[in-house]
Amino acid sequence: MGSKKEGRSITVEPFPAASLGDWRYKIRQNEFYDHFEEVMEGQEHNPSLGMVSSGKRTMGVSVGLQGPLRGVETVALRLWRERLGAQAVDALIKKDEEEFVAGAAYIAYMLQAMIQRGIEVRMQTRAVRLVAEDGRVVGVVVSHQGKEERIRANRGIMLGGGLGDSWRLATGVGGEVYSKIRLPSLTGFDVTEAPGITSNRGRNYEMRARHSMMVNRNGERFASEEAYQGATALLDFDALGEHRFKNLPSYYIFDTNLIEKYSFAGRPPGATEGLDWLAQGSTITELAQNLNIPAAQLEATVANFNEHARAGTGDPDHHRTAHTMGPLEKAPFYGVMAHKEAPDTDPLKGYTCVVTDTNGQVVHYNTKEPIPGLYATTQLQEHQGVLGVGYQAGLHTAQGHAFSLLAAEHAAEKKLV
Ligand SMILES: Cc1cc2nc3c(=O)[nH]c(=O)nc-3n(C[C@H](O)[C@H](O)[C@H](O)COP(=O)(O)OP(=O)(O)OC[C@H]3O[C@@H](n4cnc5c(N)ncnc54)[C@H](O)[C@@H]3O)c2cc1C
């Protein structure tokens, strides 16, 4: 396939949940409500939301993420029931549950592959320490409901514990670790959350809808809202002026067109009830005053954006594609301060990875030589800053695919594909 300057996004086909049998209930549903597209016919499709759905359904009006309709009694859920009737809403949610999409589908395919190969999956089981003999890792001690068990590993152990504390397993046998400080927004986006929604499941897809933009505290745009540049731009530091991050906090600004055409915060299009958590203004200046950002600059930013949106020629400032842009022109105008993707994490908290070589083998902190029988992958693995700088689409997932295969081939002592 070759590489592309802007990277490649990989999506998965929707996965039929029933084909997993009872294992389907072990997979966490995500909160995209694909099937609601069916009842929004006639509604303008939001071109920037195509990535939300996977495979066969793209370009639809997306419902969900910031307005979960499953399990929580939200304003959005009530509004949908009023619009369609409770039965119809329940039927659509049930239909969605029959199919995993996006990350849930990705995990479902992985699990299915394991089940087909007869690989045992253990739930509620924690790896507590590694077992080494003569410098080689030969097993792991796991704990299940307070009972410890030792499992022998003839080929090796692959650690994949993510960003928790599973790196400690590696240090127990001399594995080298590498700690990073998690700067504000290092890998995250700014998000907004509707009140009552305590989930923290990623970026608002509204943020790349037409008739909306992100601005910084000076009322200036700082990145294309449709892609990942925004996350990296949040790191821009003003070293000579105010000596602080230039684009923090950031604000999401939009107009009534967006509310009318798309699903905002999980609501049916056109629903304006329960939006008093947003700052509003009958003009852009009034909105800026309510958000406490410079009004003249915000007026100028919106005027410039609108000019390019109306001309349909794209965005010379930040290269947002033309078909995802729509002017902010219909009052009332809305805005909200965004906050970090993970508001509950300490912004300066470090996270620790395990250092490996190109085979995914964990190296010893002292000798820098690989520790026989021990591998690490995906988010837990650090291999010479393979991710580079800024936000890389998918972050560790693609890295995990590549290095897991290399590690498995190394452990098996043969090419597997
Ligand atoms: C909101 C959000 C959106 C994202 N969107 C995307 C996207 O669109 N595309 C993409 O490619 N990536 C995305 N990512 C990133 C992607 O989810 C991660 O890179 C990936 O899940 C990391 O995989 P992992 O296996 O290293 O860790 P995890 O997925 O965190 O899995 C680690 C597992 O190990 C278990 N574990 C930890 N310690 C132990 C132990 N001692 N014993 C046993 N088990 C243990 C944990 O319980 C967990 O189940 C997103 C991440 C977030 C948070």
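Derivation of every value follows stated rules applied to the coordinates shown; laboratory data play no part. Worth saying up front: this structure is predicted, and the values here are computed from it rather than measured. Don't worry about glycine lacking a Cβ; one is built from the backbone with ideal geometry, like all the others, and counts go over all protein chains shown.
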Which of 415, 330 comes first, and how do the rest follow, when ranked by fewest Cβ neighbours within 10 Å? 415, 330
Any idea how far apart residue 98 and residue 150 come out in nm if each label point goes 7 Å out from Cα toward Cβ? 5.1 nm
Taking the number of other C-beta atoms within 10 Å as the exposure measure, put 416, 234, 111, 159 in order starting with the fewest. 416, 111, 159, 234
Checking region 62-140 for GluC sites (Glu not before Pro) in a loop per DSSP with at most 11 other beta-carbon atoms within 10 Å yields 73, 120
Search the structure for amide H atoms under 5 Å from the amide H of residue 177, placed 1.01 Å from N in the peptide plane, and list their residues when 5 or more places away or on another chain. 355
Taking 337, 40 and counting other C-beta atoms within 10 Å, the order from fewest to most: 337, 40
According to the square roots a ≥ b ≥ c of the eigenvalues of the Cα gyration tensor, what is the shape class of region 190-340, taking rounded for a/c under 1.5, prolate for a/b larger than b/c otherwise, and oblate for the remainder? rounded
Exceeding the 28 Å Cα-Cα cut-off - candidates 368/415; 147/415; 26/94; 368/414; 95/261; 4/95: 147/415; 4/95
